Amino acid sequence: MRPTIAVINGEQYWQSYFPDCEVISQRLQDASWVLRDGELWCISREAGTRIDGVFWRVGAIRPDPRHRTVLDVLRLSGVPCVNPASTLARCQDRLSMLAELRGAGLPVIHFDVALGDDMVRRIARPAPFVVKVGNHHGGYGKALVRSEDEWFEVADLLFAANDYAVVEPYIDYRRDVRCLAIRDRFWAMSRAGAGWKANVQTRKHQVIDPPEELVGYTRRAREHLGADIVALDFLETQGGDYILLECNDTPGLSGFPEALREELAECLRERMRR
Ligand SMILES: Nc1ncnc2c1ncn2[C@@H]1O[C@H](COP(=O)(O)OP(=O)(O)OP(=O)(O)O)[C@@H](O)[C@H]1O
Ligand SMILES: [Mg+2]
């Protein structure tokens, strides 16, 4: 029987990259999981399928504590997964991911954190500054506070969000650069958005030669996390310094050369051969 790969929240094109496997698409939000006698089963309304490999492509969905449990089940199963489930677990929460980057000695943006009712007011700084609430991707849960008055309103909404919040300086950046690594290959993209978030309503994106400095940082992050793929988001200041905003363990591939898909698929094929 052909091995079965579960693509979790992935693009539709992956079957053609795994001609020797059965590829099923599954939404994380709808799947149930069973690990029994070392066999991993993914169960949806339509079918229960034994899984031999997992291609984790989960993007900007609403965070749910169960997702962390799924990663731990995958990890316990030993079923090959790209990225490895242990890497995904370390990056799953934004704060955990930031702690990892700091631990790896990378130039992470300075930030303060508050947890508890109204505590965020204690970490406010002179405007403009950026506040990021909880564990969201795709630009969600992030606001630029331009003035004292705005802060009053935003802090009020943060109370309703009932989650941890991070405050960091607003960087008036020259360029937003994402540096992506798959194993030892590197790509970079510069993005510009309609507003201050380069990844929201992106107007321009351009594949660029990865700056050496960023290649070094991205390699270090990938090795530290034991990842197959990572993408680091940097801001280049007007003075030409790079500041690291975050690391993505399941970066989107659109806009990058198609060769990335083959390279990423090979990561899973190789893990399944071991
Ligand atoms: N402190 C900041 N100063 C200026 N711009 C910022 C700052 N933080 C974020 N941005 C802009 O907003 C974009 C989104 O922020 P960030 O990368 O932190 O989160 P995200 O994109 O929501 O997460 P993910 O990349 O996981 O989807 C950045 O690419 C950048 O253009
Ligand atoms: Mg980002």
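Just so it is clear, none of the values below were taken in a lab; they were calculated from the coordinates. On a predicted model such as this, the values are computed, not experimentally measured, just so you know. Heads up, the Cβs are rebuilt from the backbone with ideal geometry, glycines too, and the neighbour counts pull from every protein chain shown.
Annotations for the structure displayed:
- Computed over the alpha-carbon pairs of the range 1-156, the distance histogram in 10 Å steps reads 9, 31, 27, 18, 12, 3, 0 percent, short to long.
- The range 4-91: relative contact order as a whole-number percent, Cα under 8 Å and 6+ apart: 28
- Site pair GLU148 and ASP163 shows an inter-label distance of 3.0 nm when each label is modelled 7 Å from Cα along Cα→Cβ.
- Considering only the Cα atoms of the range 177-274, their convex hull presents on average a projected area of 6.5 nm².
- Across the range 112-169, C-alpha contacts under 8 Å between residues 6 or more apart give a mean separation that, scaled by the residue count, equals a relative contact order of 51 percent.
- Computed across the range 1-89, the Kirkwood radius stands at 13.2 Å (inverse of mean 1/r, all Cα pairs).
- An ellipsoid equivalent to the chain, defined through the eigenvalues of its Cα gyration tensor, has semi-axes of 34, 23, 16 Å when rounded to whole angstrom and sorted largest first.
- Structural size metrics of the range 121-167, computed from C-alpha coordinates, are Rg and Dmax of 9.9, 27 Å.
- A full extension of the chain between ALA194 and ARG273 corresponds to an added length of 24.0 nm, given 0.36 nm per residue minus the alpha carbon distance.
- Restriction of the trypsin sites (Lys or Arg not before Pro) in the range 29-80 to DSSP coil positions whose beta-carbon has at most 15 other beta-carbons within 10 angstrom yields ARG45.
- Placing a label point 7 Å from the Cα of ASP241 along the Cα-to-Cβ direction, the residues of the range 171-198 with a backbone N closer than 16 Å are 171-175.
- At full extension, ARG203 and ASP117 could sit 27.2 nm farther apart than now, given 0.36 nm per residue minus the alpha carbon distance.
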